[in-house]
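Right, one structure below, let's go through it.
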């Protein structure tokens, strides 16, 4: 396991909390009955859970992982703070029944685990949506790259400019795809292939560029219609 700077700082904070808690627990002359050990046990467990969540959530590579690791850390630290306060209360006030401490601490632990599961499930859902978006955007980005490559290959200067203009039109086209656009996008792909085949014939290639611009304009119009349909 690689320890990044953030992960080292996180574990340093957890270690400090553990050390301070144990100093308080064993230096102060608490009455060490069942309530004391209940508070001590659940509080120590909350610190260990914070450490475990930190190992999973903190310092991961990629902006997305870092962004979604933050809510996990917040949930576990909220739980840690509340449990430590309640645990110290159990340790300091022996008249609180130990069974009450077990019930309350178990409820806090359950709430923490449910929160962690919920945040992690939301993270997974967002990542799946992000993957679908990337797949839909890939079509238009791939088309742009193909046309830019053709512009580099074209010997005719005017055709080069026309291809670069076409690549810009593709770049600023709606990036999102849809199954409803499959037929039209297949036509665009076929025309792009035809353009690649006629790249040595400036006149023919220019005519194909014009057809591609018309198809792209039609695609953009249909994209707008689809968005209006979904919003309605």
Subject >> residue 198 vs. criteria at pLDDT 90 or above and touching a helix residue (DSSP H, G or I) at 6+ places or on another chain (Cβ under 8 Å) >> reply: no
**OP:** Please find, within region 109-142, the residue that is nearest to residue 80 (Cα to Cα) out of those that are modelled with pLDDT of 85 or more and surrounded by 18 or more Cβ atoms within 10 Å (Cβ to Cβ).
**Re:** 112
Original post:
Are there any pairs, at least 6 apart or on different chains, whose C-beta atoms fall under 8 Å, with the first in region 1-13 and closer than 15 Å to residue 76 by Cβ and the second modelled with pLDDT of 85 or more and part of a helix (DSSP H, G or I), and if so, which?
Top reply: 11/51
**OP:** Output yes when any residue across region 61-70 is modelled with pLDDT under 90, within 18 Å of the chain's Cα centre (by Cα) and buried (at least 19 other Cβ atoms within 10 Å of the Cβ), and no when none is.
**Re:** yes
**OP:** Being outside any helix (DSSP H, G or I), surrounded by fewer than 15 Cβ atoms within 10 Å (Cβ to Cβ) and touching a residue at least 24 places away in the same chain (Cβ under 8 Å) is the filter here, so list the residues in region 179-217 that pass it.
**Re:** 200
Original post:
Quick one: in region 22-54, which of the residues that are closer than 17 Å to residue 76 by Cα and touching a residue at least 40 places away in the same chain (Cβ under 8 Å) is surrounded by the fewest Cβ atoms within 10 Å (Cβ to Cβ)?
Top reply: 45
Original post:
Only one residue in 151, 167 is in contact with a helix residue (DSSP H, G or I) (Cβ under 6 Å, 6 or more places away or on another chain) and more than 30 Å from residue 225 (Cα to Cα), so which one is that?
Top reply: 151
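The values are calculated or read from the model by the stated rules, or taken from the named source; none is laboratory data. Just so we're clear, the structure is a prediction, and the values are computed from it rather than from any experiment. When we count neighbours, we look across all protein chains shown, and the Cβ atoms used for this are built from the backbone with ideal geometry, even at glycine.
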